[in-house]
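Some notes on the structure that comes next.
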Amino acid sequence: MTASASPLVIRGLQATDVSALVAILRDAHARPDGTVPARYDTVSLTRMFFASLSSLCPHRAEVLVGAVDDEPVGVICYSASRLSSLAWEVSYWATASRMQRAGIGCRILDAALTRIKWASGPDHFVLVRSALAGAFEQRGFGQFHDDPAIMRALVRDIRLGAAANLACPHEKAA
């Protein structure tokens, strides 16, 4: 499947999404030699997704799924940080390779950031480790200390892509 004329629906995680989302995350983060970093281990990701479905986990991830024709094509996972009561963390974010460059990843990112803004005070902040710095820079994130892969934004400074009419730098403009 490639980019579709069907609308993207952003919704919560369903148990039937788990295997597709694990595959999307593993594929999106595979290295050129085909290996996948340990944090994308199938068992660990599967446990994280099922834990997020449980109301018994106090620090569970919130998961938003982008679906086209009810098929998962993108995912973002975020949670309140365990390090600070003022922090949020975006832990996973990916779009299915066959659906990239259609704006799906940025729409899912904006949906998650909107929910974080609703649940936060203006002095709260969001942390993310991403190789796609441009998408986060456009939304008000900046480098955190000396590590260019870690980015931070105060909730009050977050600019949503749709509201600011921003395009995702790694995707085609809509």
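All of the numbers you see were taken from the coordinates with simple rules; none came from a lab. Quick caveat: nothing in here was measured; it's all calculated off a predicted structure. Using ideal geometry, Cβ is built from the backbone for each residue, glycine included, and neighbour counts are taken over all protein chains shown.
The calculated FRET efficiency for the pair ASP69 and THR35, based on their C-beta separation and a Förster distance of 25 Å, comes to about 0.20. Relative contact order of the stretch 8-157, taken over Cα pairs closer than 8 Å and 6 or more residues apart, is 19 percent.
For VAL9, VAL68, VAL36, VAL63, the sequence from fewest to most other C-beta atoms within 10 Å is VAL9, VAL36, VAL68, VAL63. In the chain, excluding the sites themselves, the longest stretch lacking any of the trypsin sites (Lys or Arg not before Pro) that are in a DSSP loop with at most 12 other Cβ atoms within 10 Å is 83-171. When the helices of the chain are scored as -39500 (n - 2.57) per DSSP H run of n ≥ 4 and the total is divided over every residue, the value at 222 nm lands at -7500 deg cm²/dmol.
Its residues counted as N, the stretch 8-157 yields a C-alpha radius of gyration over 2.2 N^0.38 Å of 1.00.
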